[in-house]
Amino acid sequence: MSYLIKPQNYKPILDLKQTELGIKQIKEFFQMNLSSELRLRRVTAPLFVLKGMGINDDLNGIERPVSFPIKDMGDMQAEVVHSLAKWKRMTLADYNIEAGYGIYTDMNAIRPDEEMGNLHSLYVDQWDWERVITTNDRNAAFLKEIVERIYAAMVRTEYMVYEMYPQIKPCLPEKLHFIHSEELLQLYPELEPKGREDAIARKYGAVFIIGIGCKLSNGKKHDGRAPDYDDYTSEGLNGLPGLNGDLLVWNDVLQRSVELSSMGIRVDREALLKQLKEEGEEKRLELYFHKRLMDDLLPLSIGGGIGQSRLCMYYLRKAHIGEIQASIWPNDMREECQRLDMPLI
């Protein structure tokens, strides 16, 4: 069986009908608040892109995309997106979006290499967003301001859920804690990255870890990042490298931290060259997306993704993401979840 957390004495607070209504209200309310906070307009996004153009998100560089041939285009290969990290930046350019404004969209992806469990599914749904910035915005202070705006929308949404279902008490802290991945390593040197995340999230309730993808003092990365979208090498918080990060909250149902959002200031030409060189991926400079960036045809931007099912799972106090979304699960997991009172859709 894939990895399954089995919370003791778990009982769903809401029935199926209440859950479906809650999901609808959360998604409508949160995206309206996100749009307002960051001045984003909604756009339509692709489910798949052409292979070999450098548009698809490479995640950690090892995940296999779902691909298929296109009959009417000479069997050219298309790939189902992993996320829209690069596509959004090109869309900002194509729509001539001005600095201080941006776009958001519903991103639906298939990630066949995910290890299925309480938090990971083959199906990924998130709000992908991107906003045009200026050179003066490429700093840790601006990153923190944007993150705090997103977190404010999350707090308001949690209160809306409480008004709908008073039995679900709000638990997000008023303030979000910021820490760099290197500072987190120094704080918990005996723990692996996931253990550090659990420890800091348990302590503060909600935390934003800056510097995901840069090498730490122990020679390792806190977590992987594709080298061609987030800037994880430019100077950021307290002089440490990284203008990106992950937003995590403490999940009391699962007794662990849960990542709800990954985001960052995107690479400029200098950061792209540096990060591709570090990863031995200079060959990507020949791809369509990278050529546009190197030719200054793409705006500077900040962007990220916010997990829709994970956010709903957190607000509605569910123990398994399969209680929120429909997907494929191993039979033994489905049977075990049914026995544990976490029926999968």
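Each value in this text was obtained by applying a stated rule to the coordinates, not by laboratory testing. As the structure is a computational prediction, the values presented were derived from the model and not from experiment. A quick note on method: Cβ atoms are made from the backbone with ideal geometry, for glycine too, and the neighbour counts reach across all protein chains shown.
Hey, could you grab the Kirkwood Rh for segment 136-232? Inverse mean 1/r over distinct alpha carbon pairs, Å, one decimal.
It is 15.2 Å.
Can you compute the modelled spin-label distance between Tyr288 and Tyr10, with each label point 7 Å from Cα toward Cβ, in nm?
Taking the simple label geometry, Tyr288 and Tyr10 are separated by 4.2 nm.
Could you please tell me the mean projected area of the C-alpha convex hull for the chain, averaged over all directions and given in square nanometres to one decimal?
The directionally averaged projection comes out at 17.9 nm².
Can you give the FRET efficiency to the nearest 0.05 for Gln338 and Leu21, using r as the Cβ-Cβ distance and R₀ = 22 Å?
So, using R0 = 22 Å, E works out to roughly 0.45.
Over what distance in Å are the Cα centres of segment 248-263 and segment 303-345 separated?
14 Å
Between Met53 and Glu114, what is the label-to-label distance in nm when each label sits 7 Å out along the Cα-to-Cβ direction?
2.5 nm
Which is the longest run of the chain containing none of the GluC sites (Glu not before Pro) found in DSSP loop states (not H, G, I, E, B) with at most 11 other C-beta atoms within 10 Å?
Longest gap between qualifying sites, sites excluded: 191-345.
Can you bin every Cα-Cα distance in segment 61-211 into 10 Å intervals starting at zero and give me the percent of pairs per bin, rounded to whole numbers?
9, 22, 35, 25, 7, 1
Where a Cα-Cα gap under 23 Å defines reach, which lysines qualify for Lys71, not counting those fewer than 8 residues away within the same chain?
Lys51
Tell me the relative contact order for the chain as a rounded percent, counting alpha carbon contacts under 8 Å between residues six or more apart.
21 percent
Provide the net charge surrounding Val66, with neighbours chosen by a C-beta distance below 14 Å and charges set as Lys +1, Arg +1, Asp -1, Glu -1.
With Lys, Arg at +1 and Asp, Glu at -1, the neighbours total -2.
Order these by the 10 Å Cβ neighbour count, fewest first: Met333, Met76.
In increasing order of surrounding Cβ atoms, one gets Met76, Met333.
For Pro46, what charge total do you get from the other residues with a beta carbon under 15 Å from its beta carbon, if Lys and Arg give +1 and Asp and Glu give -1?
Its environment carries a net charge of -2.
What is the Cα centroid distance between segment 159-232 and segment 61-83, reported in whole angstrom?
Spelled out, the Cα-based centre of one part sits 33 Å from the other.
With Kirkwood's inverse mean 1/r over C-alpha pairs for Rh, give me the Rg to Rh ratio of segment 6-46, two decimals please.
1.20
Restricting to DSSP H runs of at least four residues, report the calculated mean residue ellipticity at 222 nm for the chain, -39500 (n - 2.57) per run over all residues, nearest 500 deg cm²/dmol.
-10000 deg cm²/dmol
Just grab the label-to-label distance for Asp94 and Lys194, each label 7 Å out from Cα along the Cβ direction, in nm (one decimal).
Label at Asp94, label at Lys194, 3.8 nm between them.
For Lys24, what charge total do you get from the other residues with a beta carbon under 14 Å from its beta carbon, if Lys and Arg give +1 and Asp and Glu give -1?
Computed value for this residue: -2.
Starting at 0 and stepping by 10 Å, how many percent of the alpha carbon pairs of segment 69-130 end up in each bin?
In order of increasing distance, the bins hold 19, 35, 32, 15, 0 percent.
To the nearest 20 Debye, how big is the dipole of the chain about its Cα centre, given +1 on the beta carbon of each Lys and Arg and -1 on that of each Asp and Glu?
500 debye
Work out which helices of the chain, taken as complete DSSP H runs, extend at least 20 Å along their axis over the Cα atoms and score a mean Kyte-Doolittle of 0.0 or more, then list them.
Qualifying helices, which must be both long enough and hydrophobic enough, are 140-164.
Treating only the Cβ of Lys, Arg, Asp and Glu as charged (+1, +1, -1, -1), what charge dipole size does segment 118-216 show about its Cα centre? Round to the nearest 20 debye.
160 debye
So which trypsin sites (Lys or Arg not before Pro) in segment 86-190 pass both tests, a DSSP loop state and at most 16 other Cβ atoms within 10 Å of the Cβ?
Those that pass, being in a loop and sparsely packed, are Lys175.
Once fully extended, how much extra length lies between Thr44 and Glu163, figured as 0.36 nm per residue of separation less the alpha-carbon to alpha-carbon distance?
Using 0.36 nm per residue and subtracting the Cα-Cα distance, I get 39.7 nm.
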